[in-house]
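To start, the structure itself, in structure tokens.
Only the coordinates and a few stated rules stand behind these numbers; no lab work does. Being a predicted model, the structure only gives us computed values, none of them experimental. Backbone-built Cβ (ideal geometry, glycine too); neighbour counts: all protein chains shown.
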Ligand SMILES: [Zn+2]
């Protein structure tokens with residue numbers, strides 16, 4: 001009996017395996033002939049991974065049950081938040097423009113950090129108006145507030161419509177353009193190989209992960225403290241706060257409303273696609289990495305946590321780093337989410353002809369549609 005068992009284990013099973021499990025894919029090739037790369041390995045791991053908490057509700061009750069599972073997952077992944085401190089604001093600069101005043105304020109967001117913010121207030125406001133928290137990407141704050149000094153900088157602002165904080169202020173909205181944590185004057189050790197913008201994304205990501213935080217969580221935290229500030233301002237309607245961001249700032253605009261229900265509308269530009277098609281498959285800054293996220297869901301699932309609040313997705317169809325095909329798939333899924341909740345009008349997309357940049361094709365109409373002005 002013993003010998004028969006051993007025979008089965010040592011001879012018959014391998015023989016049958018050879019007969020019926022003939023190697024058919026690249027994973028079984030000879031590594032000496034063609035070495036395996038980590039890229040192949042990770043692609044295969046992603047191919048065989050089913051997100052554990054992907055949205056698949058068919059009615060409102062199922063949506064709510066899904067939300068109760070997935071919301072804590074995303075907040076956990078965003079990591080440990082700083083210890084709260086009382087709101088403190090230092091008013092540092094004031095500059096008058098034709099149609100608005102621009103202040104520079106510093107808002108204390110934790111014991112040893114003050115977020116610099118450019119705060120735009122339109123002239124002659126007769127009543128409370130909506131306020132928009134504006135978050136920049138990896139070009140840093142300067143081109144986003146139209147303060148570029150060279151012709152090339154100014155052209156970049158125009159061509160990529162980076163100055164949306166200024167644009168919205170010109171159209172009657174109060175805006176707060178945050179210098180995102182790790183950029184410009186808040187940069188610590190400069191990232192290696194980055195010469196055009198002072199930033200320390202890599203060092204801050206390393207530090208954040210080591211203490212159980214993430215840059216996206218910390219940047220969202222700063223934005224939440226900026227909303228605390230906005231809600232103290234007489235001319236801000238505290239019930240009509242929006243978030244807008246491009247690229248790295250668009251990523252933060254994706255997570256902030258999940259942490260803060262006071263954000264009633266969001267515009268996400270040059271950031272929505274899938275994790276798989278974007279960050280996972282091509283070079284991106286480490287600061288946008290959400291540890292473990294793909295185990296649980298995709299970007300469309302993350303944005304589904306905004307529902308039923310209005311979301312406008314803004315993507316250039318030639319944006320190489322946030323591929324449009326994946327963005328379209330994600331948008332189709334979000335349309336299903338909003339349909340299930342009977343608020344189809346609250347999800348929209350501006351997929352425009354162009355590259356990795358902002359677009360105002362739909363932004364003002366979207367704001368008017370949902371904020372009434
Ligand atoms: Zn970064």
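Here are some notes:
- C-alpha long axis of helix 201-210 to longest principal axis of the chain, angle in °: 60
- For the chain, the longest principal axis of the Cα atoms and the long axis of helix 248-259 meet at an angle of about 90 degrees.
- The value of relative contact order for the range 89-371, using C-alpha pairs under 8 Å at least six residues apart, is 16 percent.
- Estimated inter-spin distance, residue 170 and residue 34, nm [label 7 Å along Cα→Cβ]: 5.4
- Mean separation of Cα pairs under 8 Å and 6 or more residues apart, divided by the residue count, gives the range 270-330 a relative contact order of 59 percent.
- For the range 116-214: rounded, prolate or oblate by the Cα gyration tensor [a/c cutoff 1.5]: oblate
- DSSP bridge orientation in the chain - percent antiparallel, rounded to nearest 5: 45
- Considering only alpha-carbon pairs that sit under 8 angstrom and 6 or more positions apart, the relative contact order computed for the range 82-203 is 22 percent.
- Overall form of the range 89-371: rounded. Here a/c, set by the Cα gyration tensor axes a ≥ b ≥ c, is under 1.5.
- Highest mean first, the peptides 190-197, 312-319 sorted by other C-beta atoms within 10 Å per residue fall in the order 312-319, 190-197.
- Taking Cα atoms only, the orientation of helix 324-340 departs from the longest principal axis of the chain by about 80 degrees.
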